[in-house]
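Accompanying notes for the structure given below.
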Amino acid sequence: MILEKNEKFEISESMIPAGMTVTIEDAKETAKVFGDLRMRYHAAIKEISTKLEVLDNEFSLRHDYNPIHHMECRLKSIKSIVEKIQRKGWPMELESVYKVMDFAGVRVICNYMDDIYRVEESLLRQDDIRLLKRKDYIKNPKESGYRSLHLVVEVPIFLSDRTYNMPVEIQIRTIAMDTWASLEHELKYKRKDEMPGYVAQELKNCARAMAEVDATMERIHKMF
């Protein structure tokens, strides 16, 4: 058995994000709610990650090939959640936190484009997974050139006294798509000023070139 140790979630009034409409008396209870939410979403990430690992292992056994290169998991910080609520124009209250569908995220990096849809199909075939939202930025790339398959699924988690159905965002992409997305994120979010037009155009050109490489790699892979 492998035990995963989690960082202790300390309850304090300082954890309450600026702008949240809570009284001093409610501050500790609000922090507990955030702690409980993070625990539930962490459990949901484990459920999805385990399902994907099992599928990858099964495919390796049956076909001597692993469609998943690696996976990354993350939980949004309280700061990121508050910033998203503000961008959406939602009221700054706890009810808005429950609307955040990408609180928990799993990024699946595949070797080839066909693997992306193979992983999606295998996961969504499971009875306890419910698809809530789907956006295919591979067949319909964003204006920036961004490519990835985004799914929001609902998965049950079983606690000592009840069962919760929790949403998890899953991003599935190739290694090339992930490399491009990492560069775009670095340029877009680490600069305080707007990205120059010539840089944005270079990124678009790079995205097209990497998509062609992905397609070529796919063809070569299918030759054997």
Task: Residues satisfying the stated conditions in the range 144-201, i.e. in contact with a strand residue (DSSP E or B) (Cβ under 8 Å, 6 or more places away or on another chain), of a type in the set (S, T, N, Q) and part of a loop (DSSP other than H, G, I, E, B) - done: Ser148
TODO: Filter the range 95-123 for residues that are over 16 Å from the mean Cα position of the chain (by Cα) and either open to solvent by less than 20 Å² (accessible area, probe 1.4 Å) or not aromatic (Phe, Trp, Tyr) (or both) and give the result.
DONE: Glu95, Ser96, Val97, Asn111, Met113, Asp114, Asp115, Arg118, Glu121, Ser122
- [ ] Report, ordered by the first and then the second residue, all pairs with beta carbons closer than 7 Å, sequence separation of six or more or different chains, a first member in the range 197-224 that is touching a residue at least 24 places away in the same chain (Cβ under 8 Å), and a second member that is among the small types (Gly, Ala, Ser) and assigned to a helix (DSSP H, G or I).
- [x] Met210/Ala176; Val213/Ala176; Asp214/Ala176
Open item on the list: Can you find, within the range 147-163, the residue that is nearest to Asn205 (Cα to Cα) among those that are surrounded by 16 or more Cβ atoms within 10 Å (Cβ to Cβ) and either among the acidic types (Asp, Glu) or more than 15 Å from the chain's Cα centre (by Cα) (or both)?
Closed with: Glu154
TODO: Evaluate the range 70-87: report whether one residue or more is closer than 30 Å to Ile220 by Cβ and either open to solvent by less than 50 Å² (accessible area, probe 1.4 Å) or among the hydroxyl-bearing types (Ser, Thr, Tyr) (or both).
DONE: no
TODO: Kindly provide the set of residues from the range 139-152 that are without any contact (Cβ under 8 Å) to a residue 40 or more places away in the chain, within 12 Å of Met113 (Cα to Cα) and touching a helix residue (DSSP H, G or I) at 6+ places or on another chain (Cβ under 7 Å), ordered by number.
DONE: Ser148, Leu149
TODO: Please determine, by comparing only the residues of the range 91-127 that are at pLDDT 90 or above and of a type in the set (Ser, Thr, Tyr), which one is farthest from Ser182 (Cα to Cα).
DONE: Ser122
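The values are calculated or read from the model by the stated rules, or taken from the named source; none is laboratory data. Because the structure is predicted, anything quoted here is derived from the model rather than measured. Note: ideal-geometry Cβ built from the backbone for every residue, glycine included; neighbour counts use all protein chains shown. For the accessible areas, the whole protein counts, side chains as well, though only heavy atoms, and no ligand, DNA or RNA atoms are used. Shrake-Rupley method; radii C 1.70, N 1.55, O 1.52, S 1.80 Å.
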